[in-house]
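The values are calculated or read from the model by the stated rules, or taken from the named source; none is laboratory data. Since this is a predicted model, take the numbers as computed values, not measurements. Every residue, glycine as well, gets a Cβ built from its backbone with ideal geometry; the counts of neighbours run over all protein chains shown.
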Amino acid sequence: MPHPGRLKTAAPSGGTSLCLPFESFLTYLALERGASEHTLRAYRSDLTHFEDFCARRGKPPCPPEENELTLFLRELQRQGLAASSVQRRAACLRSFLRFLQEQGEPAASREPLSLPDRPAPLPQILTEGEVGRLLETCDGSASLDLRDRALFELIYGCGLRASEACSLRLRDVDFTGGTLRVQGKGNKTRIVPLLGEVRKAVERYLAAGRGEAPGDPEALLLSRNRRPLRREDLWRIVRRRGVQAGIPSSRLHPHILRHSFATHLLRHGMDLRTLQSLLGHASLGTTEKYTHFDQELRDVYDRAHPRA
């Protein structure tokens, strides 16, 4: 069998030229399996779509990586392709993997490709313009304006969960090092960058908005009653400020800024591994739900985030 890394060859039957293993597979189907012209055209189209998908992601299509196969099928599902069409593309790729295995290709020795479950729809997110309008509702100098601006900048700038934002302590903010320590799920600690706009908002809040906290002097974010902010407080703040910004209340939820953070970073080129670390996900699969934006991957945090 030709080596997967070699150049493309001329396509039989006048179709688009594919990588050599794909062309060898189609020739095998035609000559040894007696596949019809209709089947060959359909399989060539399926393989072309997969090759284009890999090219956009900078991944080799031959032999295909298992993760790329799964992401490809998920992308088709998210695009709303009919289930029968997704199944056909999965069948084409399964048949190609069996062909590689019969040819002794070690990279094809894996579990049979299965169609991924249709992913649950993502919660509503804000556009970057809506995030800007939300932040503008906190442009005043009153203590609650300063607090809410710091809260929103922390969640959107650092990708915090609602509970993580509410549990922040004064000692978690390192202005010198430009980092924020976050206590995540399972008491796992992660360190995330403190972006410029986030830092400014927190500094203004601490200088003129926070005041004293008699009950818990170390709590970073306080309610109007000087107690540590709670999740239900955060939810009320998001809803009230969101409505002020002209965002329908039906679209607002406590994690909307965290989900917007992840989606916007992917749109600006953040790679999944870095995003996984920033979000505090134990599994990359949890982070992959945000890959409904198909962008070229990059890994420079402060260039990717729109608030950098």
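Every residue, every condition in (1) of a type outside the set (A, V, I, L, M); (2) surrounded by 18 or more Cβ atoms within 10 Å (Cβ to Cβ); (3) within 23 Å of Gly285 (Cα to Cα); (4) at pLDDT 85 or above, yes or no:
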| position | (1), (2), (3), (4) |
| --- | --- |
| Lys8 | yes, no, no, no |
| Cys19 | yes, yes, no, no |
| Glu23 | yes, yes, no, yes |
| Leu47 | no, yes, no, yes |
| Phe53 | yes, yes, yes, yes |
| Glu65 | yes, no, yes, no |
| Arg89 | yes, yes, yes, yes |
| Glu111 | yes, no, yes, no |
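Of all residues in the range 225-248, count the ones that are without any contact (Cβ under 8 Å) to a residue 12 or more places away in the chain and basic (Lys, Arg).
Selection size over the range 225-248: 2.
Residue check, Arg190 against (1) assigned to a helix (DSSP H, G or I); (2) modelled with pLDDT of 90 or more; (3) in contact with a helix residue (DSSP H, G or I) (Cβ under 8 Å, 6 or more places away or on another chain); (4) charged (D, E, K, R), all met but one. Which one?
Status for Arg190: all satisfied but (1).
How about the range 163-192: which of its residues are closer than 19 Å to Leu257 by Cβ, in contact with a Lys or Arg (Cβ under 7 Å, 6 or more places away or on another chain) and surrounded by fewer than 22 Cβ atoms within 10 Å (Cβ to Cβ)?
Correct list: Ser163, Cys166, Asp172, Gly184.
On the basis of being loosely packed, with under 14 Cβ neighbours inside 10 Å, modelled with pLDDT under 85 and of a type outside the set (S, T, N, Q), does Pro116 make the cut?
No; evaluated as a whole, the condition is false for this residue.
Condition first: at pLDDT 85 or above and exposed (fewer than 14 other Cβ atoms within 10 Å of the Cβ). Now tell me which residues in the range 204-230 satisfy that.
Answer for the range 204-230, where residues must be at pLDDT 85 or above and exposed (fewer than 14 other Cβ atoms within 10 Å of the Cβ): Ala207, Ala208, Pro217, Glu218, Arg224, Asn225.
Return the residues of the range 136-191 that are closer than 15 Å to Val238 by Cβ and among the hydroxyl-bearing types (Ser, Thr, Tyr); say none if nothing qualifies.
Answer for the range 136-191, where residues must be closer than 15 Å to Val238 by Cβ and among the hydroxyl-bearing types (Ser, Thr, Tyr): Thr137, Tyr156, Ser163.
Look through the range 121-154, keep the residues that are in a loop (DSSP other than H, G, I, E, B) and hydroxyl-bearing (Ser, Thr, Tyr), and return whichever of them is modelled with the highest pLDDT.
Within the range 121-154, the match that is modelled with the highest pLDDT is Thr137.
Among the residues of the range 201-229, which ones are closer than 14 Å to Ile155 by Cα and out of contact with any Leu (no Cβ under 9 Å at 6 or more places or on another chain)?
Correct list: empty.
Considering each residue of the range 155-173, count those that are in a loop (DSSP other than H, G, I, E, B) and hydrophobic (A, V, I, L, M, F, W, C), and give that number.
Final tally of qualifying residues: 2.
What's the number of the only condition in (1) closer than 21 Å to Glu105 by Cβ; (2) in a loop (DSSP other than H, G, I, E, B) that Gly34 fails to meet?
All conditions pass for Gly34, except number (1).
Has the range 169-179 got at least one residue that is within 18 Å of Leu279 (Cβ to Cβ) and of a type in the set (A, V, I, L, M, F, W, C)?
no
Given the criterion at negative phi and in contact (Cβ under 8 Å) with a residue 60 or more places away in the chain, identify the matching residue among Arg44, Arg33, Arg56.
Arg56
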